[in-house]
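K.L.:
Before I ask anything, here is the structure I am working with.
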Amino acid sequence: MPTKIATLGRERTIATLARRLYRIEGRGSTDLQHRAEAALIAANPRLSSAGGFHAGRRIVVPTLSGLTHTEDVSTADADGKGLMGETALRLQALGSQIEDSFSRASETRREALKHMDNTKFVTEARAALPESTTLLSRTKERLSREDEQVEAKSKVFRQAVSAALEGVKALDELSRRTSPK
């Protein structure tokens with residue numbers, strides 16, 4: 001039987017979540033509601049406490065006799081293809097966001113270094129603070145070192161994301177080979 005999954009939204013209680021994921025209506029709806037809640041907690045133990053509700057997290061949604069799922073529930077492929085694809089996409093998106101952060105930080109440092117080389121700025125700084133030449137020199141050195149360190153960290157990060165993507169790919173291939181036909 002294929003796995004049913006859903007993404008947590010703004011729900012803060014198991015009752016609200018159950019109503020969003022199952023069509024609970026008509027006679028015996030109270031019993032159906034309790035069954036849905038119990039099944040969700042059994043499949044996702046973290047939902048037993050308020051701390052387990054984090055928007056965006058994926059959860060398993062059990063199939064229950066007498067209840068149908070809403071359109072908020074999707075089916076994961078038996079071989080995990082959907083999950084692997086989503087994992088790879090999320091890794092790539094995360095990698096892109098963090099790489100953008102590295103890039104923005106580096107650009108900010110380059111702009112600061114450029115500003116410190118501006119003749120007008122240096123002249124005004126010396127007039128306002130005689131020891132500014134020493135301070136500017138130290139700041140330039142520190143910013144240059146930081147830029148090198150951030151570039152090294154960025155390289156390590158890119159390698160880690162690449163390795164994680166390769167791991168997801170290998171896991172996907174393994175699941176395809178071992179899944180029942």
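K.L.:
Scan the range 148-157 and give yes if some residue there is out of contact with any Gly (no Cβ under 7 Å at 6 or more places or on another chain), in contact (Cβ under 8 Å) with a residue 60 or more places away in the chain and either among the polar types (S, T, N, Q) or farther than 19 Å from Asn118 by Cβ (or both), otherwise no.
P.N.:
yes
K.L.:
Now a separate question. Determine the pairs where a residue that is assigned by TED's automatic domain parsing to the domain that holds Gly95 and part of a helix (DSSP H, G or I), located within the range 160-171, has a partner that is surrounded by 13 or more Cβ atoms within 10 Å (Cβ to Cβ) and charged (D, E, K, R) with Cβ atoms under 9 Å apart, the partner being 6 or more residues away or on another chain.
P.N.:
Pairs that qualify, where the first residue is assigned by TED's automatic domain parsing to the domain that holds Gly95 and part of a helix (DSSP H, G or I) and the partner is surrounded by 13 or more Cβ atoms within 10 Å (Cβ to Cβ) and charged (D, E, K, R), are Val161/Glu99.
K.L.:
Can Arg46 be described as in the same structural domain as His69 (by TED's automatic domain parsing) and closer than 19 Å to Thr68 by Cα?
P.N.:
no
K.L.:
Among the residues in the range 64-76, are any β-branched (Val, Ile, Thr) and within 30 Å of Glu173 (Cα to Cα)?
P.N.:
Yes, the conditions are met somewhere in the range 64-76.
Per-residue answers, yes or no, for (1) charged (D, E, K, R); (2) surrounded by fewer than 18 Cβ atoms within 10 Å (Cβ to Cβ); (3) modelled with pLDDT under 95; (4) over 27 Å from Thr87 (Cα atoms):
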residue	(1), (2), (3), (4)
Met1	no, yes, yes, no
Lys4	yes, yes, yes, no
Thr7	no, yes, yes, no
Arg12	yes, yes, yes, no
Leu21	no, no, no, no
Glu25	yes, yes, yes, yes
Gly28	no, yes, yes, yes
Arg35	yes, no, no, yes
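K.L.:
Determine which member of the set Lys140, Lys153 is closer than 20 Å to Glu99 by Cα and within 40 Å of the chain's Cα centre (by Cα).
P.N.:
Just a single option satisfies the conditions, and that option is Lys153.
K.L.:
For the range 67-93, enumerate the residues that are closer than 22 Å to Ala42 by Cβ and either at pLDDT below 90 or within 22 Å of the chain's Cα centre (by Cα) (or both).
P.N.:
The answer is Asp72, Val73, Ser74, Thr75, Ala76, Ala78, Gly80, Leu83.
K.L.:
Let me ask something additional. For the range 14-47, what are the residues that are in contact (Cβ under 8 Å) with a residue 40 or more places away in the chain and more than 16 Å from Ser74 (Cα to Cα)?
P.N.:
Ile24
K.L.:
Exactly one condition in (1) under 30 Å from Lys4 (Cβ atoms); (2) in contact (Cβ under 8 Å) with a residue 12 or more places away in the chain is false for Ser106; which is it?
P.N.:
(1)
The values are calculated or read from the model by the stated rules, or taken from the named source; none is laboratory data. Because the structure is a prediction, the values reported are computed rather than measured. FYI the Cβ positions are ideal-geometry reconstructions off the backbone, even for glycines, and counts take in every protein chain you see.
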